[in-house]
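The values are calculated or read from the model by the stated rules, or taken from the named source; none is laboratory data. Please read these numbers as outputs of a predicted model, since none were measured by experiment. Please note: Cβ atoms are built from the backbone with ideal geometry, for glycine as well, and neighbour counts cover all protein chains shown. For accessibility, only protein heavy atoms count, side chains too; no ligands or nucleic acids. Shrake-Rupley method; radii C 1.70, N 1.55, O 1.52, S 1.80 Å.
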Amino acid sequence: QVQLVESGGGLVQPGGSLRLSCAASGRIWRINVMGWYRQVPEKERELVASVSFDNVTSYEDSVKGRFTISRDNAKNTVYLQMNSLKPEDTAVYFCNADIRRGKYIAAREYWGQGTQVTVSS
C-alpha cells in the first residue's frame, strides 16, 4: 500500500510564508509527476503546481513568483514553499503523486488527506 502524508499547513497572516511537505511511503518503484492541488468549498479542486521526476516545474498563474515546488527523490517527498501569501490562497491543499509500484506495474494516482492553509489577519 502507498500513502501520502502531508504536513505544514496552518494559519498565517497576509504576506507571510508556509512550507508544505508531502512524503510518500510504502511499496514504491518510481514516482513520476508530483503536485499540489487546492480546494475551497463549492469549487473544484485546482492544480497549483507540479514537478516531474526530472524537476520540470509548472505553476498556476496566480501563484507564479510566490510559490516554489521542489522534490527530493531520495526521500519520495515533495515540498511547496509558499511566500507572500494572500487571503485568496486560503484552501485545503492536497498532495498528488503518480506512482509506479513496480517496473512492470502501471502507474496510478495517489492523494494525500489534505492540509488546511488559512491566510488571515
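Where the second residue is not in a strand (DSSP E or B) and the first is without any contact (Cβ under 8 Å) to a residue 24 or more places away in the chain and lies in region 1-12, which pairs have Cβ atoms under 8 Å and are six or more apart or on separate chains? Every condition considered, no pair remains.
Scanning region 85-121 for residues that are closer than 24 Å to residue 54 by Cα, hydroxyl-bearing (Ser, Thr, Tyr) and touching a Leu at 6+ places or on another chain (Cβ under 8 Å), which turns out surrounded by the fewest Cβ atoms within 10 Å (Cβ to Cβ)?
Step one: list which residues in region 85-121 are closer than 24 Å to residue 54 by Cα, which gives 93-112.
Next, from what is left, pick out any that are hydroxyl-bearing (Ser, Thr, Tyr): 93, 104, 110.
Subsequent filtering for residues that are touching a Leu at 6+ places or on another chain (Cβ under 8 Å) retains 93, 110.
Values: 93: 24, 110: 19.
Of everything passing the filter in region 85-121, 110 is surrounded by the fewest Cβ atoms within 10 Å (Cβ to Cβ).
Residue count for region 85-116 under the criterion of being under 14 Å from residue 28 (Cβ atoms), assigned to a loop (DSSP other than H, G, I, E, B) and charged (D, E, K, R): the result is 2. The residues of region 46-84 that are open to solvent by 40 Å² or more (accessible area, probe 1.4 Å), of a type outside the set (S, T, N, Q) and not in a strand (DSSP E or B), listed by number, are 53, 54, 56, 60, 61, 64, 65, 74, 75. Selection of first residues in region 41-70 that are in contact (Cβ under 8 Å) with a residue 24 or more places away in the chain and of second residues that are open to solvent by 90 Å² or more (accessible area, probe 1.4 Å) and not hydrophobic (A, V, I, L, M, F, W, C), restricted to Cβ pairs under 9 Å at least 6 apart or on distinct chains, gives the following pairs, ordered by first then second residue: 62/88. Taking region 1-45 as the range and being open to solvent by 40 Å² or more (accessible area, probe 1.4 Å), of a type in the set (S, T, N, Q) and farther than 13 Å from residue 67 by Cα as the test, the residues that pass are 1, 3, 7, 13, 25, 39. Close Cβ contacts (under 7 Å, 6 or more residues apart or on different chains) running from residues in region 16-29 that are in contact (Cβ under 8 Å) with a residue 12 or more places away in the chain to residues that are open to solvent by less than 30 Å² (accessible area, probe 1.4 Å) and part of a loop (DSSP other than H, G, I, E, B) comprise 16/85; 17/85; 18/85; 22/112; 29/102.
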